[in-house]
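Engineer: What follows is a structure written as structure tokens; I'll ask about it next.
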Amino acid sequence: MWAGRVLHATLSRAPRGSRAQSALAQLRGILEEELESIRGAGTWKSERVITSCQGPHIHVEGAPGGIINFCANNYLGLSSHPEVIQAGLQTLKEFGAGLSSVRFICGTQSIHKDLEAKIARFHQREDAILYPSCFDANAGLFEALLTSEDAVLSDELNHASIIDGIRLCKAHKYRYRHLDMADLEAKLQEAQKHRLRLVATDGAFSMDGDIAPLQKICHLASQYGALVFVDESHATGFLGPTGRGTDELLGVMDQVTIINSTLGKALGGASGGYTTGPGALVSLLRQRARPYLFSNSLPPAAVGCASKALDLLMESNAIVQSMAAKTLRFRSQMEAAGFTISGANHPICPVMLGDARLALNIADDMLKRGIFVIGFSYPVVPKGKARIRVQISAVHSEEDIDHCVEAFVEVGRLHGALP
Ligand code: PLP
């Protein structure tokens, strides 16, 4: 609507009959056709508007009353934690709204250096570098690190930002079947001719809640002289006994060379991303990574929030354990009721339904019962594997979870998903 009005206004200002006017008219036609094809394919993404803080209980425009939210990546509930908010406010007051600059010109404050040191300490790595987002960390890494002499081996279901980051680099590209270690080994054998080999994988995959077999990946990497890169966006802060991530969960913290992760999910949910790993790599990224060199510094409030989130996690792992217990509660009750929940014991709990329309209808009816969940269908997930992705947070109460399961059972029966 808005884009249409702007185009219309721009068009009407161009001299009638001018070439600029006809180029704009042509653009408008192309855009409308493209938008129509998205609608026609049933893949239009509309956004529900939240009118409160992010949290387990939210208010959504058009939905009367409070809603229990089961679709945020707010795994530890830190997005609206009072101490995290207070730290953000304090940093905002002390260090201002932003830097109006990139890091290497005049955009580095003491808080950026402190947060980088804290991230490295949290992950037990040599150094860390901040980016405006993890998307940027993934966009910056591969191009800066790998040349046409090298190879990158990537799980086929890796996050879009890893795929895009790999596209930007000149290394030879190998894509192995999802979690398929025999295929990875075959590709590693093929890649022996290159200088460096880097295996790239998500730690936890966000559509299925499944976890990369890092022990096997690290074993193969050591056998074939490869480095291991893991995107820990859906693991940092809550997987593993103290929330360090998938590498801690699977006991390979000393074998994963490079970690990228986000500050925009469990670690307070504001925004920001980072790479942590060998000091020399971090130094090289500061010189070469384009999203670091050519994009603004992370705003102080976001730095303050993430820094406090890490402090809370390093002080105690009580929140991490509470999240694990709640995930188990949801998964076991849903399975006992007859639903299939995909993935490992991850707070991403995909309720597998198969049919796209069924997933959509069930999600809509859940909202009518005060539960916010989202259905995913093709092309986001494979055809015939539509699902509703439920995400558990440490700050859901047991009653929230029980209420969600009860609503699923009721709506599932209504739509024939349960006997
Ligand atoms: N990597 C993975 C696995 C993700 O799920 C996401 C976000 O959805 C990102 C990277 C991007 O993170 P950010 O929101 O910090 O750009």
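Engineer: Consider a paramagnetic label point 7 Å from the Cα of GLN86 along Cα→Cβ; state which residues of region 261-287 have an amide N under 18 Å from it.
Structural biologist: 268
Engineer: Okay, next question. List the residues of region 400-419 whose backbone N lies under 12 Å from a point placed 7 Å from the Cα of SER332 along the Cα-to-Cβ direction.
Structural biologist: Answer for this model: none.
Engineer: I'd like to compare 47-58, 120-131: which one has the highest average count of other Cβ atoms within 10 Å, and what's the full order after that?
Structural biologist: Ranking the peptides 47-58, 120-131 by packing returns 120-131, 47-58.
Engineer: What lysines sit close enough to LYS193 to cross-link, taking a C-alpha to C-alpha distance under 16 Å and skipping anything fewer than 8 places away on the same chain?
Structural biologist: Answer for LYS193, where 16 Å is the Cα cut-off: LYS170, LYS173, listed by chain and number.
Engineer: A follow-up question, please. Find the centroid of the Cα atoms in region 27-80 and in region 95-156, then give the distance between the two in whole Å.
Structural biologist: About 29 Å separates the Cα centre of region 27-80 from the one of region 95-156.
Engineer: Given points 7 Å out from each Cα along the Cα-Cβ axis, report the HIS403 to GLN215 separation in nanometres with one decimal.
Structural biologist: The two pseudo-label positions are separated by 4.0 nm.
Engineer: Given H placed 1.01 Å from N in the peptide plane, which residues other than close sequence neighbours of GLY273 have an amide H under 5 Å from its amide H?
Structural biologist: Here the answer is TYR131, SER133, CYS134, LEU263, since their amide H atoms fall under 5 Å of that of GLY273.
Engineer: If you don't mind, another one. Could you sort ARG197, ARG413 by accessible area so the largest value comes first, with the probe set to 1.4 Å?
Structural biologist: Ranked list, largest accessible area first: ARG413, ARG197.
Engineer: Given the Cα-Cα distance of ARG195 and ALA97 and 0.36 nm per residue of separation, how much length would full extension add, in nm?
Structural biologist: Taking ARG195 through ALA97 to full extension adds about 30.8 nm, to one decimal.
Engineer: Same structure again: So, R0 is 30 Å and r is the distance between the beta-carbons of LEU418 and ALA318; what FRET efficiency does that work out to, to 0.05?
Structural biologist: Computed FRET efficiency for LEU418 and ALA318: 0.30.
Engineer: Based on the alpha carbon coordinates of region 81-315, what radius of gyration and maximum Cα-Cα distance (Dmax) apply, in Å?
Structural biologist: 17.3, 55
Engineer: If packing is taken as the mean number of other Cβ atoms within 10 Å per residue, what is the order of 87-98, 228-239, 155-166, 382-393, highest first?
Structural biologist: Descending packing order for the listed peptides: 228-239, 382-393, 155-166, 87-98.
Engineer: May I ask you to rank THR257, THR108, THR327 by accessible area, largest first, using a 1.4 Å probe over the protein chains only?
Structural biologist: The ordering from most to least exposed comes out as THR108, THR257, THR327.
Engineer: Which ³J(HN,Hα) values in Hz, rounded to whole numbers, follow from the phi angles of region 387-399 under the Karplus curve 6.51 cos²θ - 1.76 cosθ + 1.60, where θ = phi - 60° and Gly and Pro get x?
Structural biologist: The phi angles translate into 7, 10, 8, 9, 10, 8, 10, 4, 8, 5, 7, 4, 5 Hz.
The values are calculated or read from the model by the stated rules, or taken from the named source; none is laboratory data. Quick caveat: nothing in here was measured; it's all calculated off a predicted structure. Backbone-built Cβ (ideal geometry, glycine too); neighbour counts: all protein chains shown. For the accessible areas, the whole protein counts, side chains as well, though only heavy atoms, and no ligand, DNA or RNA atoms are used. Shrake-Rupley method; radii C 1.70, N 1.55, O 1.52, S 1.80 Å.
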